[in-house]
Amino acid sequence: MIQPCQDVFENVMDLAKRRGFIWPTSECYGAVAGFIDYGPLGAMMKRRIENIWRQFYVVQEGYYEIECPTIAQEAVFIASGHVKGFSDKMCQCPHCKEYLRADHVADGGGVCGAATMNNETLAAAIATCKCPACGEVLGNVEVYNFNLMFSTMIGPGSQRVGYLRPETAQGMFVDFARLLRFYRDKLPFGAVQIGKSYRNEISPRQGMIRLREFTQAEAEIFVHPNEKNHHPSFKRYANYRMPLLTYVHQQKCEPAVEMSMREAVDKGIIANEYVAYYVALTHELLVTVGIRPDRLRFRQHLPDERAHYATDCWDAEVYSERFGWVETVGIADRTNYDLNAHAKQSGTSMTVFIQYDTPKKVERRRIIPNMGVLGKQYRKKAKAIFAALETATPTAEGADVNVDGETIHIPADLFEVRDEVIDVRGEEVVPHVIEPSYGIDRMCYAVLEQAYDEDTADGEKRTVLRLSPQVAPVQVAVFPLMNRDGLDTLSEEITITLQKRGILAEYDDSGAIGRRYRRQDEIGTPFAITVDYESKETHTVTIRDRDSMKQVRIAIDKIPEMLSALIKGDVKFAELG
RNA sequence: GCAUCGAUGGUCUAGUGGUAUGACUUAGGCCUUCCAAGCCUAUAGCCCGGGUUCAAUUCCCGGUCGAUGCACCA
């Protein structure tokens, strides 16, 4: 699948480093693998991508953003399964020093039940196995858990364990009760979070594709389990078409098939309307930030690839010339797994009360003990008897209840059996969660790689980042043709006017004008305004398009309005004069 | 993490047991009426630690980072 291309990745990362998009972290002390710094332009571009994400999820969908700590106490990750399930049982071969997955060694050596063994048992079991790397018999080895979460201590001298979160999602789950109240106790609702997550990868490589600290943008959408096939805005994307690579296609090595979201749901290819809706929304979002549709596909997880809680999962994969298809977004139906787990761990209810349209009549039998007598007679056992009686099946003589292994006969005159019909107005429901989860750093890399281009201008090589105007860090450059005769002061005035309108404009008067154009081309600045001698007489300037290098003359007082429209994409440069 | 290879101004590079070549870039100046032109000047470098040596950027050992292969990637 991976078809390495020697140049693109290196060219992109070289440019990114040189021009201040991406830097190795803490370079003066030697960089650390798996960590990067975003430089001035990279941080700006990342923020613009995040803001486009907010436009979709917060503004369009109405799912407010929350912000939770990156460190959480152990209980959170016990419930989520990360303390237990996010670690691997490792051992080291004493002969060749290779690090090995102990359970894999056991499986390979014919040991049964390795997955359920504790570390000591597993160590004993693999002592007679051969190291798959060097072939020597392992002998006495220590088996230990390598957890991919970074752990820390909360407070000084504390025994309280904390972990850096391996995903932002848990924040939305643990805040469920508050969120439910905020959304006035009605489903569906959602909450989103953009923030850092941490995974202590054993061996991160591939630049910014696999990081130990990375930025996720996750949405958790809470929905009634019976309503997953009725997204209230489904019609927005019902006819949205894209190629889908289902797990059946993958098993048969067939290519993806293009279809609408309506078809995909109706044919049972995508599990429900909610998942389909966010598959389509994700497609639109990725195209908006500048991913080419022909380098974008949606691939369904194979049944054995899915996390144990997910019923359906689709990855948006972006094609990289260096890394092949890279998972950039995952859209999963997490069911009620997380809320059930936190409800159990925390002892807090994580349900929504759903009112019936009309109350249901339910027959109910209540057993009401005469506690005045029972209490005196049974003393400390009375409370347990009271509880046991609620579920007892009384006969005419009385009821037998079991308290602490002892069967106690309660005569019929010590309680009253009351059969009644009551109105049940609704039920407690644990919502299901639909989760679109975006890897922002991977999106940034994909945007840079796809924007990188080299063309020829006047017989010379030109390096140009064809970034969408919406994500380009610098939005416009302003140049005086000559830095004299008042052209420079007029240019500076225009720059300030644009900056006051919230447009990131960069003024530059150094050296030849051609060099200044090239410099801006390389960082992806989509437009350049040039003030020339005609500007003083006619109050006009030229505006230059990065991609075509064409120029159009416009009136100075029209610049802010026109640039805003060009940057937003409401107007295309080719449509101008 | 293991194995192999590599690391010289911001970038690309020459070279060396006695502190380093050239080009591009950048900054200042001159020139210049629209796409990296020209001229002058300036800034800036031997990945880190230890060893050998009078002297290490150079040789040796260890580390870091990067590339590749293996392993890993809930």
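The values are calculated or read from the model by the stated rules, or taken from the named source; none is laboratory data. What you see is a predicted model, and the numbers here were worked out from it, not measured in a lab. A quick note on method: Cβ atoms are made from the backbone with ideal geometry, for glycine too, and the neighbour counts reach across all protein chains shown.
Quick rundown of the values:
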quantity	calculated
Matching option when the condition is more than 20 Å from A:SER437 (Cα to Cα), crowded, with 17+ Cβ neighbours inside 10 Å and not basic (Lys, Arg), among A:ALA332, A:ALA343	A:ALA343
Tally of residues being touching a strand residue (DSSP E or B) at 6+ places or on another chain (Cβ under 8 Å) and more than 6 Å from RNA strand B (Cβ to nearest atom) across the stretch A:508-537	15
Complete set of residues in the stretch A:296-319 that are surrounded by fewer than 17 Cβ atoms within 10 Å (Cβ to Cβ) and of a type in the set (Lys, Arg)	A:ARG306
Filtered residues of the stretch A:512-550 (kept if surrounded by fewer than 15 Cβ atoms within 10 Å (Cβ to Cβ) and under 23 Å from A:VAL464 (Cβ atoms))	A:ALA512, A:GLY514, A:ARG515, A:ASP547, A:SER548, A:LYS550
Sole residue being within 26 Å of A:LEU122 (Cα to Cα) and either of a type in the set (A, V, I, L, M, F, W, C) or not assigned by TED's automatic domain parsing to the domain that holds A:LEU211 (or both), chosen from A:PHE150, A:PHE176	A:PHE150
Failed item, numbered, when A:ALA505 is tested on (1) surrounded by 16 or more Cβ atoms within 10 Å (Cβ to Cβ); (2) more than 14 Å from RNA strand B (Cβ to nearest atom); (3) touching a residue at least 60 places away in the same chain (Cβ under 8 Å)	(3)
So A:LEU389, is it surrounded by 13 or more Cβ atoms within 10 Å (Cβ to Cβ), touching a residue at least 40 places away in the same chain (Cβ under 8 Å) and among the hydrophobic types (A, V, I, L, M, F, W, C)	no
Strands (runs of 3 or more DSSP E) contained entirely in the stretch A:427-484, each with at least 3 residues that are under 22 Å from the mean Cα position of the chain (by Cα)	A:432-439
Within the stretch A:174-202, tally of residues that are surrounded by fewer than 17 Cβ atoms within 10 Å (Cβ to Cβ) and of a type in the set (Phe, Trp, Tyr)	1
Test: residue in the stretch A:196-206 that is at pLDDT below 95 and in a helix (DSSP H, G or I)	no
Strands (runs of 3 or more DSSP E) wholly inside the stretch A:261-378 that include at least 2 residues being more than 16 Å from RNA strand B (Cβ to nearest atom) and more than 29 Å from A:GLN60 (Cα to Cα)	A:352-369
Residue, farthest from RNA strand B (Cβ to nearest atom), within the stretch A:169-195, restricted to residues that are in contact with a Ser or Thr (Cβ under 8 Å, 6 or more places away or on another chain) and in a strand (DSSP E or B)	A:ILE194
